[in-house]
Amino acid sequence: MTSSVSTAPLGTAWAGDVLAPPIRVAVVDDHPLVRQSIRALLSGELDMEWVGEASDGAEAVELVARTEPDIVLMDLSMPRTDGLTATEQITSSASTARVLVLTTSVDPSRFRRSLDAGAAGVLDKDGNPASLLAGIRDVFRAER
């Protein structure tokens, strides 16, 4: 019995029998350590690509217009323009980016406001890295 291993070029992933482009991810958080940690996590995934980062909601809106990511990981509590406002602006624009909110607050009203603002999903920052990666993939496939 023989077995073969197929490998995809770096920055691509197999989707069934088709070579799929990576999920393009932008990270928005006012804490540099959080942004850098998520960037490092994404670098180990063949089906994901970091496209940029922003430290507040106003920068996020500009980043999305410039880089056209598939997924925006969005913190809610940030200076200048908060994550809810940025989420509303991104989801009401011509962008096809889906917003996945990352928050330390599991307050149900905040969860509901995030979805009402257009977020495709909400994840607790206290989760583990595997949950974040699964959440990105789920939101990319249009699953909440």
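The values are calculated or read from the model by the stated rules, or taken from the named source; none is laboratory data. The model shown is predicted, which means the values in this text are computed figures rather than measured ones. No Cβ is skipped: glycine too gets one built from the backbone with ideal geometry, and neighbour counts run over all protein chains shown.
Things worth noting here:
- Any hit, the stretch 102-116, residues being buried (at least 22 other Cβ atoms within 10 Å of the Cβ) and either at pLDDT 95 or above or assigned to a loop (DSSP other than H, G, I, E, B) (or both): no
- Residues being at pLDDT 90 or above and more than 17 Å from Arg24 (Cα to Cα) - total across the stretch 128-144: 4
- The set of residues in the stretch 105-135 being among the hydrophobic types (A, V, I, L, M, F, W, C) and under 14 Å from Asp75 (Cα atoms) consists of Val106, Phe111, Leu115, Ala117, Ala119, Ala120, Val122, Leu123, Leu132.
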